[in-house]
Amino acid sequence: MPVPKSTDCWVLEGMQGLNSLQLQKGIPIPELGDHDVLVQIAAVSLNYRDLIIPKGKYPFPLDLPKVPCSDGAGHVLAVGNRVSRFSRGDKVVTLFNQSHEYNPITADSMKTGLGGALDGTLRQFGVFPETGLVSSPTNLTAVEACTLSCAPLTAWNALYGLQQSALKPGDTVLTQGTGGVSLSAIQFSLAAGANVIATTSSDAKESKLRKMGVKHIINYKTTPNWGEIAKSLTPRHRGVDHVIEVGGPATLAQSIKAIRPEGVITVIGFLGGGADENQPGILDTLAAVCTVRGILVGSRQQMEEMNRAIEVNDIHPVVDEGKKFKFEHAKEAYEYQWDQKHFGKVVIHVH
């Protein structure tokens, strides 16, 4: 196809709810710089972050108006004169923080997040620096690959980002709920020969977790002391090696009860809400002799490592099968995920 000169895109104009999302048509595409890549976006997946930004609940700095969403997959239409990593036709996925090439993340890299600081992926065509793209795993469709930018990469960083405590065969990983990060952590852990303990509140989702290979599942609504129960399920009751902490203040106390000495709790989100008067203090981590680590997705280097593991183990991200959303109906996808009708990643089909 000829190189397009304009694109349709969704734009987040404010934080007054989903009505702040507006579809704009015929927006000019900027000229390619020497190191830029023009991508035809095939599919975009949603994250919890994308839902709470228009609702005014995102606790980090934003620069609106912006094209929303960080996750996208597509193929290369054109490249700048000095691009060396990609050629026309290559299948690519976006990197969440566009300048985070290697660990550790820097303050400057934290300001390059798609869909917040920079224009994101909910558009037909986008120009990205070549360092802000990664080759798509060869075993995945665009619909599967578009889920990788945030949730799976965050899970990978949680399990492997702290090198001295990286996941090993036989380790025990505790996940919370059935969001994208937790499902990815389950897949990576099982592929690595680790044991998984998962929490959920739904019998239907429990069944799906068992089909994924999870042997130990705890209903956190009927078992409020799930941290102690999780610890009792580990060899010699020593505690879990990794906790994927997505609940935040509401669940951290149970995570500390579950962790083994020198284990790692990786704090990823706050799905359970904001500050809790009963949340643990810093001395609780001292008493547990554990590491509590906050992360912000991951680097391009980590994403390349993750994609190799996805190919070798033929891992396929869990994509919600409940409903298919077209680009023009993006708001419906937001509402569908907000109502928690999904299991796996909700995808918007762009092309």
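The values are calculated or read from the model by the stated rules, or taken from the named source; none is laboratory data. All of these numbers come straight from a predicted model, not from anything done at the bench. We place every Cβ from the backbone using ideal geometry, glycine too, and count neighbours over all the protein chains shown.
Of note, LYS345 does not satisfy the criterion of being exposed (fewer than 13 other Cβ atoms within 10 Å of the Cβ), of a type in the set (D, E, K, R), at negative phi and in the same structural domain as SER70 (by TED's automatic domain parsing). The residue list GLY72, GLY115, GLY26, GLY89 contains one member that is surrounded by 14 or more Cβ atoms within 10 Å (Cβ to Cβ), at pLDDT 95 or above, more than 22 Å from VAL246 (Cα to Cα) and in the same structural domain as PHE128 (by TED's automatic domain parsing), which is GLY72. Evaluation of ASP284 against the conditions (1) farther than 15 Å from ASP171 by Cβ; (2) within 25 Å of the chain's Cα centre (by Cα) shows that the sole unmet condition is (2).
Under the condition of being of a type in the set (Phe, Trp, Tyr) and modelled with pLDDT under 95, the residues counted in the stretch 310-337 number 0.
Exactly one residue out of ALA194, ALA198, ALA155 is surrounded by fewer than 24 Cβ atoms within 10 Å (Cβ to Cβ), under 25 Å from ASN307 (Cβ atoms) and touching a strand residue (DSSP E or B) at 6+ places or on another chain (Cβ under 9 Å), and it is ALA194. Scanning the stretch 205-231 for residues that are of a type in the set (D, E, K, R), over 19 Å from ALA194 (Cβ atoms) and assigned to a helix (DSSP H, G or I) yields LYS205, GLU206, LYS208, GLU228.
Condition first: in a loop (DSSP other than H, G, I, E, B) and not aliphatic (A, V, I, L, M). Now tell me which residues in the stretch 110-131 satisfy that. The answer is THR112, GLY115, GLY116, ASP119, GLY120, THR121, GLN124. For the stretch 235-245, the count of residues that are touching a helix residue (DSSP H, G or I) at 6+ places or on another chain (Cβ under 7 Å), over 30 Å from ARG300 (Cα atoms) and modelled with pLDDT of 95 or more is nonzero. The residues of the stretch 1-24 that are part of a strand (DSSP E or B) and more than 28 Å from the chain's Cα centre (by Cα) amount to a single one, SER6. Has the stretch 331-348 got any residue that is over 28 Å from LEU46 (Cβ atoms) and without any contact (Cβ under 8 Å) to a residue 40 or more places away in the chain? No, that holds for no residue.
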